[in-house]
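Below: the structure, in structure tokens.
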Protein chains: 2
Amino acid sequence: MGLSRLPPQCHHGTTPFYTLENIAELMSLVVVGSVAYDGVETPHGKVDRMLGGAATYISLAASYFTHVKIVAVVGDDFAQQDVDLLASRDIDLSGLERVPGKTFFWAGKYTPDMNDRETLITDLNVFADFNPKLPDHYKSQPYVFLGNIQPDLQDSVRMQVNGTRLIGGDTMNLWIDITRAQLLNTIKHWDFLLINDGEARMLSGLNHLGKAAEKIMAMGPKTLIIKRGEYGAMLFHPNGYFAVPGYLLDQLYDPTGAGDCFAGGFMGYLAGEGVDPANGPIDAKLLGRAVVYGSVLGSFCCEQFGVDRFRSLTKKDIDQRFEEFRTFTAF
Amino acid sequence: MGLSRLPPQCHHGTTPFYTLENIAELMSLVVVGSVAYDGVETPHGKVDRMLGGAATYISLAASYFTHVKIVAVVGDDFAQQDVDLLASRDIDLSGLERVPGKTFFWAGKYTPDMNDRETLITDLNVFADFNPKLPDHYKSQPYVFLGNIQPDLQDSVRMQVNGTRLIGGDTMNLWIDITRAQLLNTIKHWDFLLINDGEARMLSGLNHLGKAAEKIMAMGPKTLIIKRGEYGAMLFHPNGYFAVPGYLLDQLYDPTGAGDCFAGGFMGYLAGEGVDPANGPIDAKLLGRAVVYGSVLGSFCCEQFGVDRFRSLTKKDIDQRFEEFRTFTAF
């Protein structure tokens, strides 16, 4: 059951055992991506500056399922209260590099129906020179999620880890457009790719999602997850597909980070379950549950501005919403 | 068990029994709407004239689940082969009025992605004076589906039937726009309304589907089904909602009639199951299965031009695809 890559063990009599700390280390998920400050305006309000960034959302969402180790860079303006929030979720911050300068800043404004947004400011700041370096104790971790950064940087992270069980990541239209060759060279090593429907069509050049998925899976990732916003998500694997409708939120306050929270919930759940593709194809229903947990985390993210929902969110809330998904999809 | 409205019965000893013919009559579904000729162009081809019309698609789809009685009008150009197709599905055509003149003709052209279409021709012809009159043996039927026609005409059909168990129907943006008062007066008597997401937003004036559903249900129909095209469908009832993603078709040839086939599959299944809201709220899972059967029929409809898929479609095909829905939504 995937124990072949266990670290040296203690023995008690003839039975090997692991301390809780060992197990947590064993199951850790390494997350790389941006940690940023965001300014966001939606029809429900406006916040000039708050914690954001893909790696932040992914890590917070995944932290409900597994132990997370973050790799990112921030400036010397990064606030202690934001460190504290991440630390409160037991996220390992030894890979959060702090350098002189300002933290990446992004600002955007959503359309009235919140299906689209306009970017107002992108100040890369210290993120412009981000060169992810993994602390030694990150390098033997079995789970790696490569958040949406330049594909060569994603690849440099992948090459720093050894014996990964499951590696996957995200990308965006910008990289598909301007760094296509690098992107293809990067994702060919991944177990899964997680993008939205527009990106899937752009990457494959095909409009039909099933045919797009087939073409993308031939590029390397044997599993493709396609996020469809309010319409839910699909997962394609060599033996079929899974689809789940979107959750009907009472109130959508701020969609920022929802896709990243989906990624965190998806990958965090798989890591927490200790899946190991080396033992054969991952069970289709388990992949389905990962997509539903992704959807659950994405839905919670939208209920408050920025990362605010994570200040009160509990595992019990998550499990209750998971059961709600069962109820409203059962027939 | 809804048997209170059974017709006079034969008795064998002390146990009442019904012949198959009695049961079929009892469970009949009356469908009113257009029977037409269509000209359709999609990226996959062009057909100048073929059988179409909402009542045609609804009746064909429903005929796999229950006995259907059609109410419509055609001109003297209506071809015997088209009569034969409907009759081959055991659809009662005694309410298909034939008058001098031409059958309703509609022509349209789809956009390359088939998410939209342009209407090229609308010749109402004999349909302009359609005044639905139900044959006597239609008037005591328990199930009625009012296809998309002028709301006052829908209401005149409703008033011709007595003791209906379940009555529902469809409408469109045109009637919401130009005959809103009549529409509201009509749907207040319905058990369910079946529309698409754009129409739900237009009718309610609300963007949020859940809030739109709440407002529409307050207009009368206790159940609201919202079709979302390739994204599937939702059903709202007083105690919650159900959602199913869309089926991933290998090839979408012609979406014409898909929404009507959804309606036929949905209503046909409920009629075939003999549901009777007089006995209490309809089981939520049964409503869910009706939505899935609707989705199944809608998906088959798109696989060939016009009604062509119904020339070969079997109940076994339908049940297999229903099981496919179970497989790709299970987690």
| query | Restricting attention to region B:242-258, which residues are among the aromatic types (Phe, Trp, Tyr) and more than 20 Å from the chain's Cα centre (by Cα)? | reply | B:TYR253
| field | Options A:ARG98, A:ARG89: the member that is touching a strand residue (DSSP E or B) at 6+ places or on another chain (Cβ under 7 Å) and among the charged types (D, E, K, R) | value | A:ARG98
| task | Please report, ordered by residue number, the helices (runs of 4 or more DSSP H) entirely within region A:141-254 with at least 2 residues that are more than 14 Å from every other protein chain (Cβ to nearest Cβ) and closer than 30 Å to B:LYS227 by Cβ. | result | A:197-204, A:209-217
| In region B:1-21, which residues are surrounded by 12 or more Cβ atoms within 10 Å (Cβ to Cβ) and either on the phi > 0 side of the Ramachandran plot or modelled with pLDDT of 55 or more (or both)? | B:GLY2
| query | Which of the residues belonging to region B:56-95 are over 16 Å from the mean Cα position of the chain (by Cα), buried (at least 24 other Cβ atoms within 10 Å of the Cβ) and under 20 Å from B:ASP170 (Cα atoms)? | reply | B:VAL73
| Boolean, A:MET114 is surrounded by 13 or more Cβ atoms within 10 Å (Cβ to Cβ), closer than 21 Å to A:LYS227 by Cβ and within 14 Å of another protein chain (Cβ to nearest Cβ) | yes
| Subset of region B:159-199 [out of contact with any strand residue (DSSP E or B) (no Cβ under 6 Å at 6 or more places or on another chain), over 24 Å from B:TYR241 (Cβ atoms) and not hydroxyl-bearing (Ser, Thr, Tyr)] | B:MET159, B:GLN160, B:ASN162, B:GLY163, B:LEU174, B:TRP175, B:ASP177, B:ILE178, B:ARG180, B:ALA181, B:GLN182, B:ASN185
| said: Tell me whether region A:100-111 contains one or more residues that are in a loop (DSSP other than H, G, I, E, B), within 14 Å of chain B (Cβ to nearest Cβ) and either in contact with a Lys or Arg (Cβ under 7 Å, 6 or more places away or on another chain) or free of Cβ contacts under 8 Å to residues at least 12 places away in the same chain (or both). | reply: yes
| message | List the residue pairs whose Cβ atoms are under 7 Å apart, where the first residue sits in region A:320-331 and is more than 8 Å from chain B (Cβ to nearest Cβ), the second is modelled with pLDDT under 95 and in a helix (DSSP H, G or I), and the two are 6 or more positions apart or on different chains. | response | none
| task | Within region B:295-308, track down each residue that is aliphatic (A, V, I, L, M) and either within 14 Å of another protein chain (Cβ to nearest Cβ) or part of a helix (DSSP H, G or I) (or both). | result | B:VAL296, B:LEU297
| Matching residues in region B:166-190 - criterion: being farther than 21 Å from B:VAL31 by Cβ and either of a type in the set (Asp, Glu) or free of Cβ contacts under 8 Å to residues at least 24 places away in the same chain (or both) | B:ASP177, B:ILE178, B:ARG180, B:ALA181
| remark: Looking across region B:258-310 at residues that are aromatic (Phe, Trp, Tyr) and closer than 16 Å to B:GLY229 by Cα, the single one that is surrounded by the most Cβ atoms within 10 Å (Cβ to Cβ) is B:PHE266
| field | Checking A:GLN160 against (1) closer than 28 Å to A:MET202 by Cβ; (2) modelled with pLDDT of 95 or more, the condition it does not meet | value | (1)
| field | Members of region B:266-294 found to be within 14 Å of chain A (Cβ to nearest Cβ), small (Gly, Ala, Ser) and in contact with a strand residue (DSSP E or B) (Cβ under 6 Å, 6 or more places away or on another chain), listed by number | value | B:GLY288
| task | Six or more apart or on different chains, Cβ under 7 Å: which pairs go from a residue in region B:250-265 that's under 18 Å from B:VAL35 (Cα atoms) to one that's basic (Lys, Arg)? Could you list them? | result | B:GLY259/B:LYS227; B:PHE262/B:LYS227
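The values are calculated or read from the model by the stated rules, or taken from the named source; none is laboratory data. What you see is a predicted model; the values in this text were computed from it and never measured. Cβ: placed from backbone, ideal geometry, glycine included. Neighbour counts: every protein chain shown.
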